[in-house]
Amino acid sequence: MYIKQPSQLTSYIRVGRLLYYSLILFILEAWFYWGKLVNAYYQSSTPWVLFWIWSFMFSFIHIFLVLADGWSRFQNYKRVKDQFFIHGFNKKIANTYIGSKCQRMAAEVAAEELGIVQEVKAYYIQAGVKWYHYVPYFMIKEPLFLIKKKFWSRTFLEKHYTPKFDYNQLQLELKS
């Protein structure tokens, strides 16, 4: 591992960057819908109030779902970084994180920080992953995913993972 290790915050942002772009959009949507809701309320337009409440709640709830998803992907990143550090590039490890764009990004950021990102990207290409595969594969295979416990636990409620190694400290030791 000869690559300078970024701060935890930098890695956190890099892992969830697509999620955080959508977070900004959901915040702007919620703000827009709130304004429309207030106007409809003052105009005593019940159908529009109901429509704008639904729209606002959709965006507002997604703010928290995106934050939880980002936190879960960061847990994936810490776990896969440890796995790659211990075992090097391994198809089985990379395959564990192939299911969604966000999980692949977590694996790729971890691999980049360990200097093996080309192997991981090449494996994903070989496995048939395209650049435009943003929708998680399980959503296509299982249309009733919203009622599955596995979806909620793996997407938003990933357990906290404590890294086994202090990569910044290892970096310092390698330099000396």
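Coordinate-derived values only; no laboratory data. In this text, all values refer to a predicted model and were calculated from it rather than measured experimentally. Positions of Cβ are backbone-derived with ideal geometry, glycine not excepted, and every protein chain shown enters the neighbour counts.
Working note: Karplus 6.51/-1.76/1.60 with θ = phi - 60° gives region 98-108 the couplings 8, x, 9, 4, 5, 5, 5, 5, 4, 5, 5 Hz, where Gly and Pro are set to x. Overall shape of region 8-162 was characterised from the C-alpha gyration tensor. The equivalent ellipsoid obtained from it has semi-axes of 37, 16, 13 Å, in decreasing order. Over the chain, dividing the summed -39,500 (n - 2.57) contributions of all DSSP H runs of at least 4 residues by the number of residues returns a 222 nm mean residue ellipticity of -23500 deg cm²/dmol. Using Cβ point charges alone (K and R +1, D and E -1), the dipole size of the chain about the Cα centre works out to roughly 420 debye.
Across region 6-57, Cα-Cα pairs more than 15 Å apart make up 56 percent of the total.
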